[in-house]
Amino acid sequence: MTPLVLQPQSEAELGQMVRAAQGPVSLRGGGTRGVAYGPGTVLETAGLSGITLYEPGALTLVAGAGTPLAEVEAVLVAQGQRLAFEAPDLRRALQRQGVSTLGGVVATNASGPRRVQAGAARDHLIGVRFVDGMGTVVKSGGRVMKNVTGLDLVKLMAGSHGTLGVITQVAFKLQAVPECAVTLQTQVPLSAGLGLLRRALGSPFEVSGAAYGPFGAALRVEGMEASVRYRAAALKALLGGDWVETAGDALWAGVRDAHGLDDGALWRVSCKPTAAEGVVGALAGVAHQATFDWGGGLIWIAVQGVGDAGAALIRGAVAGVGHATLMRGRGAAAFAPEAAGVAALSRALRAQFDPKGILNAGIMG
Amino acid sequence: MDMPLPDQRIVNARDGLIARLRGVLPADAVISDPAETRAYECDALAAYRCAPLAVVLPRTTAEVSAVLRLCSQMGVKVVPRGAGTSLAGGSFPTADCVVLGVARMNAVIETDYDNRFIRVQTGRTNLAVTGAVEADGWFYAPDPSSQLACAIAGNIAMNSGGAHCLKYGVTTNNLLGVTIVLMSGEVVEVGGPWSDAPGLDLLGVICGSEGQLGVVTEAYLRILPKPEGARPVLMGFSSNEVAGACVADIIRAGLLPVAIEFMDRPCIRACEDFAKAGYPDCEALLIVEVEGSPAEIDAQLARIKDIALRHDPVAYRESGSEEESRKIWLGRKSAFGAMGQIADYMCLDGTIPVSELPYVLRRIAEMSAAVGLSVANVFHAGDGNMHPLILYNANKPGDLELCEALGADILKLCVEVGGCLTGEHGVGVEKRDLMTVQFNPADLEAQLRVKDVFDPAWLLNPAKVFPLDVTASRRAS
């Protein structure tokens, strides 16, 4: 039997559906970026769509979790603003169809190259409403930039992959689109390239992108035009070598969306930037391709022809210096195993928020 | 303000408790002489005082763990304390508690410029974190006004901000990992010198949890390369409304100053009398600071000046030297001290949507006049984080109560216009009973459930953050 798809049109209706649920519920925004989806009845949040508040003067946006990311980006850009954390579009990398939603962005804490300067999705999320596993509506945070009132469930919900509750509404702080962006590129070997990225990030020149891939080493600076010109020149002087200036838009979109890594399993590795080379080095003798973002702090790795998708090698190399998530492919657990203490706290939190254990059940351990 | 009745069983067993604390800690780490524990009777919310049973000052995570395990076994409450600078009573003791101070844990454990972090013990002061990396051209961004004295432990507990968080974010945006000791004594490592959690973002809920979830003993902090330079500009306006409109225009124009500070007339006068900073005589004053190379600063200030001139400022002074920059900041930085000279004051901390600034300032003025207590406003305008200072006379019977009632009304106003009770100071005991203004029972219950996970016996930092009636059943069981 084809499973029934639940499509609530309001937060209240969603609450009733979760309260009434007899078995597991598998949550979807647009189904474009989930690392994993739980078993059971599919529940889609696309019906919770629409911008409820947009105040350009206060750099604030509040919208339903089902609101398409693209719709929000179009509204913002018309006012010269944006979501600064540069959420990736993972449809190609994860071989998905569908329409990315704000709820999915938050549930996966989806963050792109600008994270090194501007922070992650969670750093721009200022408020959230969600329905917990008992069907109760909960809010945390609000619509203001600075808020330390009560425990910060906003951060807890960001990146919780639907295991604590179904996000129904999100509030973001926004950023003005800078008037100018310049990308610097140079072709150097990996080790030297990663070293350049780290030096650039250690400079006062406010780099907003630092990546290494088939394109070589790439740096991005954004801001007022005179300032961008100055910083680009200062970076070239600091780092030496031959740098070419490019527009960079396609390059950063490709880094953000993990393009060019289409074969085999796909890993997303968060690590100490200086550990990046060693993590990829552990794959010597295995067919693989890698793109480095965040100055080496994020590595996208495609691995071919290993039974466990390369899990033993990658997770072994990253132990103690980061963690690896299997984004595409089989043969290993998607989420990295956690240390006992953290795992116990996380399990207990999920049991508190979802005592029936029905929301994206079991996907995070 | 009500506090729960002390647990007499625990109070009566004080001597035994102290003996057992001495059994797990070095002799000088346990303070039990009432003359010495007096220093720990209050924090910066000095209107409230209560002597704890004892104070412990451990030097290591293992010692913290031993204390918590012991207290947990004995059912003794523990109040964690950084440097005791909380304005919200975040480390206010109870009569049946042990105060656990981390002040002696102030070492730098590791500095790593290549990976842009520093790892410290959390008793280290905020300014001493920057001090450890400054000579090499780096700094730690969150800069609460108390940064000379306040400890990283308290910064993490309260998710502290500061004048420059408009650009750099608050503590939670600059925290990479912690070592946290749970009430059970269990030591848990959360996060590290990399981005993202592999699973749930526990770090996100630990930061800002006001000592409800555990005692953070070590932290990985993001450090940043120091900007090439910074320059403030001072502008005076003929009304709060005009100054508020100028702030909105600067933000709307997409300029990102590192700080936009706002002072109203009562505050300007007090600061001028106190610090002689040479501020103009006007209704409202803004200090806007930008960073970068000299040329970048010039370019940004040119834009800001364009905007400011459209609002007919009565004064516009760009700093031309280090000395002038110092003078511009002098008044603002001495605002709290200046207020303390004229009167006792209560400092509020609500945040509002920036667009509501003029309305809220007008309402505060009306409410202040109706009650007959002066209110001076000095705050971070760029992010809507208000700091109304209500002046009162502690020696005048009834004045404190009047002040607290006005404070509560102002915070309710902040929530009413879409804001919150506290932007960077925390709830503590001070705003505990106002939480129901901002949160409904279900919202609060979700927070209590997080507390249940980390501290199931409800022994850590009692009677803070949550209204007492909301937590009564949990505390009793």
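Since every read-out is calculated from the coordinates, none of them should be taken as a lab result. None of the values given here were measured: they were computed from a predicted structure. Quick reminder, even Gly has a Cβ in these numbers, built from the backbone with ideal geometry, and neighbours come from all protein chains shown.
Need the list of aspartates and glutamates near A:Lys139 for cross-linking: C-alpha distance under 15 angstrom, and skip anything on the same chain fewer than eight residues off.
Counting by Cα, and skipping residues close in sequence, A:Lys139 has these aspartates and glutamates nearby: A:Glu11, A:Asp152, B:Asp443, B:Glu445.
Report the net charge of residues surrounding B:Leu400, where surrounding means a beta-carbon distance below 14 angstrom and charges are Lys +1, Arg +1, Asp -1, Glu -1.
Net of charged neighbours comes to -3.
What order do you get for A:Tyr230, B:Tyr48 when you list them from fewest to most C-beta neighbours inside 10 Å?
B:Tyr48, A:Tyr230
Would you please give the FRET efficiency between A:Thr246 and A:Gln9, computed as 1/(1 + (r/R0)^6) with r the Cβ-Cβ distance and R0 = 60 Å, to the nearest 0.05?
With a Förster radius of 60 Å, E is 0.85.
Would you compute, from DSSP H runs of 4+ residues alone, the mean residue ellipticity of chain A at 222 nm, taking -39500 (n - 2.57) per run and dividing by the full residue count, rounded to the nearest 500?
-7500 deg cm²/dmol
Dividing the Cα radius of gyration by the Kirkwood radius, what Rg/Rh value follows for the stretch B:259-411?
Expressed as Rg/Rh, it is 1.00.
What is the pair-distance distribution P(r) of the stretch A:265-328, computed from all Cα-Cα distances in 5 Å bins starting at 0, with each bin given as a whole percent?
Percent of pairs per bin, in order: 4, 21, 37, 26, 10, 1.
Once you have the alpha carbon radius of gyration of the stretch A:1-67, what is it after dividing by 2.2 N^0.38 Å, with N set to its residue count?
It is 1.31.
From the P(r) of the stretch B:322-446, can you give the percent of Cα pairs sitting at distances over 17 Å?
Of the Cα pairs, 60 percent sit more than 17 Å apart.
In µm²/s, what is D for the stretch B:51-155 at 37 °C and 0.692 mPa s, where D = kT/(6 pi eta Rh) by Stokes-Einstein and Rh is the Kirkwood radius from Cα pairs?
The Stokes-Einstein estimate is 223 µm²/s.
Just to be sure I understand the curve: with the Debye formula and one point per C-alpha of the stretch B:230-332, what is log10 I(q)/I(0) at q = 0.16, 0.19 Å⁻¹?
-0.62, -0.88
Report the convex hull volume per residue for the stretch A:86-205, counting only C-alpha atoms, in Å³.
Measuring per residue, one finds 170 Å³ for the Cα hull of the stretch A:86-205.
Just tell me how shielded B:452-460 is by partners: mean number of partner chain Cβ atoms within 10 Å of each residue's Cβ, no decimals.
For this peptide, the per-residue mean of nearby foreign Cβ atoms is 2.
Restricting things to Cα coordinates, could you compute the convex hull volume per residue of chain B in Å³?
With only Cα atoms used, chain B gives 148 Å³ per residue.
Using only Cα atoms, what is the ratio of the radius of gyration of the stretch A:248-365 to 2.2 N^0.38 Å?
Taking the Cα Rg and dividing by 2.2 N^0.38 Å, one obtains 1.16.
As a footprinting exposure proxy, order B:Leu70, B:Leu402, A:Leu14 by other Cβ within 10 Å, with the fewest listed first.
B:Leu402, B:Leu70, A:Leu14
At q = 0.15 Å⁻¹, what log₁₀ I(q)/I(0) does the stretch B:343-416 have when each alpha carbon counts as one equal point scatterer in the Debye sum?
-0.44
With a ≥ b ≥ c taken as the square roots of the eigenvalues of the C-alpha gyration tensor of chain A, please select rounded if a/c is under 1.5 and otherwise prolate if a/b is larger than b/c or oblate if it is not?
oblate
Could you give the spread of the C-alpha atoms of the stretch B:373-459 along their three principal axes, from largest to smallest, in whole angstroms?
Result for the stretch B:373-459: principal-axis Cα extents of 43, 35, 19 Å.
Please provide three numbers in whole Å: the alpha-carbon extents of the stretch A:5-176 along the principal axes, with the largest listed first.
Projected onto the principal axes, the Cα atoms of the stretch A:5-176 cover 45, 39, 26 Å.
Calculate, in nm to one decimal, what A:Ala340 and A:Ala20 gain on full extension: separation in residues at 0.36 nm each, minus their alpha carbon distance.
Result: 111.9 nm gained on full extension.
Give me the Kirkwood hydrodynamic radius of the stretch B:8-103 in Å, from all C-alpha pairs, to one decimal place?
13.2
Non-local amide H neighbours of B:Ala149 (under 5 Å, H modeled in plane, Pro and chain starts lacking H): which ones?
The answer is none.
Could you work out, residue by residue across A:92-101, how many beta carbons of other chains sit within 10 Å of that residue's beta carbon, and then give the average as an integer?
Mean partner-chain Cβ count within 10 Å for A:92-101: 0.
Need one word for the stretch A:180-256: rounded, prolate or oblate. Basis is the Cα gyration tensor (sqrt eigenvalues a ≥ b ≥ c); a/c below 1.5 gives rounded, then a/b vs b/c decides.
Oblate is the answer for the stretch A:180-256, as a/c is 1.5 or above yet b/c matches or exceeds a/b.
So how do B:248-257, A:120-129, A:15-24 stack up, highest first, on mean other-Cβ count within 10 Å?
A:120-129, B:248-257, A:15-24
Tally Lys and Arg at +1 and Asp and Glu at -1 over the other residues with C-beta under 12 Å from the C-beta of B:Ala107: what net charge comes out?
+2
When the dipole is taken about the Cα centre of the stretch A:5-176, and only Lys, Arg (+1) and Asp, Glu (-1) are charged at their Cβ, what size is it in debye, to the nearest 20?
340
Is there a pair in A:Lys155/B:Lys327; B:Lys412/B:Lys464; A:Lys155/B:Lys412; B:Lys77/B:Lys333; A:Lys155/B:Lys464 whose C-alpha atoms are over 30 Å apart, and which pairs would that be?
A:Lys155/B:Lys327; B:Lys77/B:Lys333
Counting only other chains, and only Cβ atoms inside 10 Å, what mean value do you get across the residues of A:132-144?
Averaged over the peptide's residues, the number is 5.
Between A:Tyr54 and A:Ala333, what FRET efficiency comes out of the Förster formula 1/(1 + (r/R0)^6) with R0 = 41 Å and r the beta carbon distance, rounded to 0.05?
E between A:Ala333 and A:Tyr54, to the nearest 0.05, is 0.55.
Taking the beta-carbon count within 10 Å as an exposure proxy, list B:Glu416, B:Glu322 from fewest neighbours to most.
Neighbour counts put them in this order, fewest first: B:Glu322, B:Glu416.
Two decimals is fine: what is log10 I(q)/I(0) at q = 0.09, 0.10 Å⁻¹ for the protein assembly as shown, from a Debye sum with one equal scatterer on every Cα and no solvent?
-0.88, -1.11
Wrap a convex hull around the Cα atoms of the stretch B:108-225, take a quarter of its surface area, and give that in square nanometres.
6.9
Give the aspartates and glutamates reachable from A:Lys236 as a straight Cα distance under 12 Å; neighbours fewer than 8 places away on the same chain don't count.
Answer for A:Lys236, where 12 Å is the Cα cut-off: A:Glu245, listed by chain and number.
Does the stretch B:358-398 classify as rounded, prolate or oblate by the C-alpha gyration tensor (a ≥ b ≥ c root eigenvalues; a/c under 1.5 gives rounded; else a/b over b/c gives prolate, otherwise oblate)?
oblate
Taking a cut-off of 18 Å between Cα atoms, list the aspartates and glutamates near B:Lys396, but don't count ones fewer than 8 places away on the same chain.
Partners within reach: B:Asp344, B:Glu404.
Which order do the peptides B:301-313, A:204-216 come out in when sorted by mean C-beta neighbours inside 10 angstrom, highest first?
For the peptides B:301-313, A:204-216, the packing ranking is A:204-216, B:301-313.
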